[in-house]
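Below is one structure, written out as structure tokens; comments come after it.
The values are calculated or read from the model by the stated rules, or taken from the named source; none is laboratory data. Just so we're clear, the structure is a prediction, and the values are computed from it rather than from any experiment. Don't worry about glycine lacking a Cβ; one is built from the backbone with ideal geometry, like all the others, and counts go over all protein chains shown. Side chains included, ligands, DNA and RNA excluded: accessible areas come from the protein's heavy atoms. Shrake-Rupley method; radii C 1.70, N 1.55, O 1.52, S 1.80 Å.
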Amino acid sequence: MNYLSQIIKGLRTRKSLTLLNVSGLAVCIGAALLILLYVRFELSFDNFHDDGDRIYRAESRLYEGDVLTDNWATTTFGHGPVMSRTIPGIENFVRVTAQDREQEVTYADRQFIETAYCYTEPSFFEMFNIPIISGNSTGQLAGPNTAVITRRAATRYFGKSNPIGKVLTFKTPASEQHFEVTGIIGDMPRNSHLRYDFLLSYSTIPEARRDIWFIHGVYTYLKLAPGWNPDDIETAFARISPDYRTAALQHKDWKIELIPLRQIHLTPRKSYEKETKGNRVVVNILMAMAAALLLIGWVNALNLTVARSLERSREFGLHKVFGASRRSIITRGLLESALLNLLALTVAAGLLELLLPPAVSWTGTDFTAGMFESPAMPAAVGVIFVAGVLFVGLYPSIMQTRIKPSDFMRGQLLNSRKGTTLRRTLTVAQFIASFVFISGTLIVIRQVDHMQNSTSADAFRRILIIRHPSSTDNMDSRVSDFKKRLGQQASVKGVSVSGAVPGIEVANYFTNRPFGSDISEVKLMQMFAVDHDYFDIYRPEFICGRDFSENHGNELNKVVINEEAARMLGYDNTEDALGQQIAMEVLKEPLEVIGVVRNYHQQSPAVPFKPIIFFIKERVPIIATPYISIMADTEITPEFIDGIERVYKTYFPNAAFSYFRLTDYQNEIYKSDRNFSRIFICASVLAVFVACLGLWIMTLFSTMARVREIGIRKVLGAGKFRLFGLLTRELALLIMISTAIGAPLSAILMGRWLESYAFHISLPWQAFLTAFIAIAGIALLTVLRRVCKVIAGKPMRILRNE
Amino acid sequence: MIKTENLSMVFTTEEVQTRALDNVNLEIKKGEFTAIMGPSGCGKSTLLNILGTLDTPTSGRYLLNGTDTTAMSESRLTELRKRNIGFVFQNFNLIDELTVYENVELPLIYSGMKKSERRAKVTEALKQMNIAHRTGHFPQQLSGGQQQRVAIARATVTECPLILADEPTGNLDSANGEEVMMLLQQLNRQGTTIVMVTHSERDASYADRTIYLLDGKIIDRR
């Protein structure tokens, strides 16, 4: 208690310094905790399932020789049952369908467009920890046309009435199905990669299609028996796969890869994956960032504590003279550090309380969900506290025990060079972190800009997408009339019906080969269903040939392909592809290539270019066309949307009107990248601010320690510039060293991040130069006043005040 | 060489005004060895600092070689000091991080001399002060007497015509003190003007004349 009151007195005597110390440390801890909360959320995906460590998602991999040609998150419908029957070690499995069509769901007068649905098997509830809260606890989803829905969905359709036994109608442009609600589950947690509102019984799928091997349409989850290794299953599948290869895959090696359930969220995105993905590199960088912020905060606190103990050396000397033991000095030092860290943690908790709501709305993800249930956060806070206490308290107190009381009493310690090497090293560490943050920020901003610019055109701002109406009588002619009617409006520049729009994966992989070539030449390509107007609206760049035109008569057997498709079909020169004929797996007649468009980013630069074949949608009606793009003449206003809705309702009175702006959708694609850049910006500002705080303190003490030397030099005739150089030389050197270490470090870290994108900017040297100039400039500004004050002093007064 | 007219210096703090010098009129000719004596706080060091252009008076004029220094800018004062004045302090004021050689070399660097010339001058000055064998040592490795000899070498290395010494023997034992006084006397005989502040009558006896100060006023000249 005696110690404590002494320490509190000590802290209170230099209030401003204590305030500086606590606030610097608190800001760093608060920011680090905020980042760690986000990291915890990203790492917590799918960790709530019992036996989750034995559950894997089987994913298809197709190879030609050693080359991985197709990398899908799905398997065929047939994989699950056959593997479970023939491969030992599989305890249970479940299939979850991976369709991307919206369905119009209706109950009485309530009608919504739904995407969060899937067809799945009863074993879903055995594999995953998603308890049924209402309805029978067993036998769910066994019968056809039954559904289990979430509480949220139940409220949406049935309000307060009991949903069990009620029937929901699901409609697509091509089908209509009815499902009886037999069970209710809680909403699926935010940190689950499975996020469905409607689980529909798998047995509703027609029997002929339930176990087929030629469509990669389901996610297959396997639960391995204890003691079995995913490698065992993968190897066993490679042995049986030749027996199940369809004609299209005869020349390919068909393998599967088992991805652990808990790692699905952080593995790179593959085809047919719909959910928001995380990024392992980003998570690693964020963890490093949190560590760096903590380090910066601790370094400051340590520097201040060392400086303070030098300043108070006489007091400490007296303690030693009167017999303070080594142990009591260290205890006192640690206690002081504990108090400081506790204060900082308390302030940090307050900061967090303030910052969390805006951070959650900023990132658009409630990453705080479940933060109080998980033991991770209290553990992290505990580790931060203990590490902080030791980091800040141990060195200064050990230093005190090593110094002779007589040295203390002379009070010469501030002038001595004790501990300066350590302080310099720590300052360099702070500047390295700042350098990496600043250059990293610039690189992230440039990459995100690059991605947005390369997938978006100005004209996209004027495009409104409405969803294709669900099935009605005379659907085709109604849609065609609707298009024509819209086209007559002055405010509408163009209308097109298509299978995808920029930003949305085309998927629909079908095999194609040059007509007349051997079956072994087949390649899987994305089939993009469009109408005659698609190219007028989106205007991809044609390298050669032409787009579809009604002036050329029947274009049903004509296709436009992209460069990548031309390359895969064996036409190295795109011109050679013109006029060539292609055999597509579901068609007897050949398709003629009439144009080749330059490769463009259909999804985002994060994924490589994929082969695309554009065809007139009527040619293969089984490929859906869920999107109707409407280009406004000027801009999209609420009145414009109202006008479209009125026309829509005259043609499709029973269909739900659902729309989105293309640019909004595209912004959504880069949400996580933008979040990352925002986190980087904030961390940089913070790191630089706190590092400068540290620098200021260091300068304060180092100039104080050198006042006498400066005085002598002035007496001997040193000029102002020379003295300025003398006082800032060390700083310049520290910044040089920081840059020399920070630049390659940043290049390695950010290089790895950039590599997680298929298309990325090369590391811009300007980012490093800017970071250097920024740090040098800010550092100089920080110390300028102090240095100038020392230089401007009268030499004798400097010596007298020393 | 040195002339002051009604020199006054007032230090003002929040509570009190202290008149450190009060209308001091003084003239020192070239080649003179002058001692300034008086009790603690009488203004000796303040006077010496003004004579060394390290401080500017509150009122009055100070002429060095006929040039009025009172209104000069800091940079011109620095120039004046570099060319004309060497300093010897009671606490030596050597820079701990620099070697003996580097300490002595410092004023030559500031005067812009070439390296080869500097080497010759520094070696010569150290030899003259009988400290050449300690060239590579740091100040804290030397005795007080040796440190003061280094300080005198530093003051004389630029061959300036005026040396201001502030209690040069104050931190030394009598043997070392006497040695330092002999060195100063020797410099004076070679033509250097010396102004020395001291408490010691014995040191003052080396001077051609002594000025007594009390409460910032000259009360006696001998």
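Assorted remarks:
- Across A:R598, A:R461, the residue with the most accessible area heads the list, and the full order at a 1.4 Å probe is A:R461, A:R598.
- Sum of side-chain charges, A:N551 neighbourhood, beta-carbon under 14 Å (Lys, Arg +1; Asp, Glu -1): -3
- Exposure of A:F158 as accessible area (Å², to 10), given a probe of 1.4 Å and all protein chains: 10 Å²
- Gyration tensor (alpha-carbon) shape descriptor, the protein assembly as shown, a/c threshold 1.5: prolate
- Rolling a 1.4 Å probe over the protein chains gives A:I519 an accessible area of about 80 Å².
- Peptides A:116-124, A:668-676 ranked from most to least packed, by the mean per-residue count of other Cβ atoms within 10 Å: A:116-124, A:668-676.
- Surrounding net charge for B:G52, when Lys and Arg each add one and Asp and Glu each subtract one, Cβ distance under 10 Å: -1
- From helices alone, the protein assembly as shown scores -15000 deg cm²/dmol at 222 nm; the rule is -39500 (n - 2.57) for each run of n ≥ 4 DSSP H residues, then divide by the residue total.
- Of the residues A:M83, A:M736, A:M399, A:M704, ranked by 1.4 Å probe accessible area with the largest first, the sequence reads A:M736, A:M704, A:M399, A:M83.
- Within 10 Å of the Cβ of each residue in B:104-113, the mean number of Cβ atoms contributed by other protein chains is 3.
- Cα lying deepest toward the dipole's positive end in the stretch A:518-660, options A:Y648, A:S549, A:A566, charges on Cβ: A:Y648
- Centre-to-centre separation between the Cα atoms of the stretch A:457-484 and those of the stretch A:117-150: 35 Å.
- A:K223 accessible area, 1.4 Å probe, all protein chains in place, Å² to nearest 10: 20 Å²
- Percent antiparallel among DSSP beta bridges (both partners in chain A, rounded to 5): 80 percent
- Within the stretch A:509-668, DSSP assigns beta bridges of which about 60% are antiparallel (rounded to the nearest 5).
- The amide H of A:E275, built 1.01 Å from its N in the peptide plane, has no neighbour under 5 Å, considering only residues 5 or more places off or on other chains.
- At least 40 Å² accessible surface lost relative to isolated chain, residues of the stretch B:85-101 (1.4 Å probe): B:N93, B:I95, B:E97
- For chain A, relative contact order (Cα pairs under 8 Å, six or more residues apart, normalised by length) works out to 16 percent.
- With a 10 Å cut-off around each Cβ of A:707-715, the average count of Cβ atoms from other chains is 5.
- Buried area at the B-A interface (accessible, heavy atoms, 1.4 Å probe, summed, Å²): 2000 Å²
- Only Lys, Arg, Asp and Glu carry charge here, each on its Cβ (+1 for the first two, -1 for the last two); on that basis chain B has a dipole of about 860 debye about its Cα centre.
- Here the relative contact order of the stretch A:645-802, from alpha carbon pairs under 8 Å that lie six or more residues apart, stands at 40 percent.
- Counting only other chain Cβ atoms within 10 Å of each residue's Cβ, the peptide B:53-59 averages 3.
- Per residue accessible area of the protein assembly as shown, 1.4 Å probe, in Å²: 43 Å²
- Accessible surface of the protein assembly as shown, 1.4 Å probe: 54 percent of it comes from carbon and sulfur atoms.
- The slack in the chain from A:D66 to A:L784, taken as 0.36 nm per residue of separation less the alpha-carbon distance, amounts to 252.4 nm.
- 3J(HN,Hα) along the stretch A:253-266, derived from phi through the Karplus expression 6.51 cos²θ - 1.76 cosθ + 1.60 where θ = phi - 60°, amounts to 8, 10, 10, 10, 10, 9, 9, x, 3, 6, 9, 4, 4, 9 Hz, with x in place of Gly and Pro.
- Note that the stretch A:562-576 has calculated 3J(HN,Hα) couplings of 9, 3, 4, 5, 4, 4, 5, 7, x, 9, 5, 9, 4, 4, 5 Hz, one per residue in order, obtained from phi through the Karplus relation 6.51 cos²θ - 1.76 cosθ + 1.60 (θ = phi - 60°); glycine and proline are x.
- A cut-off of 5 Å between modelled amide H atoms, ignoring neighbours fewer than 5 places along the same chain, links A:D70 with A:L62.
- Among A:V167, A:G89, A:T120 - extreme Cα towards positive end, dipole of the stretch A:82-201, charges at beta-carbon: A:V167
- Degrees between helix A:638-651 axis and first principal axis of chain A (Cα, 0 to 90, nearest 10): 20 degrees
- Whole-angstrom gap from the stretch A:349-408 to the stretch A:2-26, using each part's C-alpha centre: 17 Å
- Alpha-carbon centroid distance for the pair the stretch A:244-291 / the stretch B:151-222, whole angstrom: 86 Å
- Magnitude of the charge dipole for the stretch B:124-222, about its Cα centre and with charges confined to Cβ atoms of Lys, Arg (+1) and Asp, Glu (-1), is about 200 debye.
- With every protein chain in place and a 1.4 angstrom probe, the accessible-area ranking of A:H552, A:H760, A:H468, largest first, reads A:H552, A:H760, A:H468.
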